[in-house]
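Notes follow the structure.
The values are calculated or read from the model by the stated rules, or taken from the named source; none is laboratory data. Predicted model only: the values in this text are computed from it and were never measured. Please note: Cβ atoms are built from the backbone with ideal geometry, for glycine as well, and neighbour counts cover all protein chains shown. Just the protein is used for accessible areas: all its heavy atoms, side chains included, with ligands, DNA and RNA removed. Shrake-Rupley method; radii C 1.70, N 1.55, O 1.52, S 1.80 Å.
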Amino acid sequence: VRGGAGGWTGADWVCPTCRAVNFARRASCYKCSVTRPHDAQLVEHAAPASEGTDIVMIRGLDPKSTDESVQAALLPLLSSPLKMVRVVRDPATKQSRGIAF
């Protein structure tokens with residue numbers, strides 16, 4: 001797990017306390033401030049963007065959009081079923097931020 005200029009490899013890691021995923025550059029968890037352990041669980045990422053991805057981002061959604069309404073709108077356009085749809089929401093108001101994955 002050691003290596004690189006900062007002492008760590010370039011792999012993102014999972015906090016053992018709160019399970020938040022942290023960028024490789026972080027020496028402590030962004031969420032709970034626990035110091036990165038030497039044996040931290042590393043995150044395996046999907047294929048690089050140059051190889052393609054299964055994730056699609058949709059922008060410009062209505063603030064009242066739900067996971068279900070976005071999925072219903074997409075289903076007629078797809079040749080295979082969706083695994084999941086997630087609308088990004090404001091934590092305070094719970095309203096859609098106009099983006100879904």
*Hey, can you tell me all the residues within region 62-82 that are open to solvent by less than 100 Å² (accessible area, probe 1.4 Å), more than 11 Å from Phe101 (Cβ to Cβ) and in a loop (DSSP other than H, G, I, E, B)?*
Asp62, Pro63, Ser65, Thr66, Leu78, Ser80
*For Asp39, all conditions in the list (1) modelled with pLDDT of 90 or more; (2) surrounded by 10 or more Cβ atoms within 10 Å (Cβ to Cβ) hold save one; what is the number of the exception?*
(2)
*Complete set of residues in region 65-89 that are modelled with pLDDT of 90 or more and of a type outside the set (A, V, I, L, M)*: Ser65, Thr66, Asp67, Glu68, Ser69, Gln71, Pro76, Arg86, Arg89
_Enumeration of residues in region 5-20 that are at pLDDT 90 or above and small (Gly, Ala, Ser)_ = Ala20
_Can you list residue pairs whose Cβ atoms sit under 7 Å apart, with the first residue in region 83-101 being open to solvent by 90 Å² or more (accessible area, probe 1.4 Å) and the second being charged (D, E, K, R) and part of a loop (DSSP other than H, G, I, E, B)? Count only pairs 6 or more apart in sequence or on different chains._
Arg97/Asp90; Phe101/Arg86
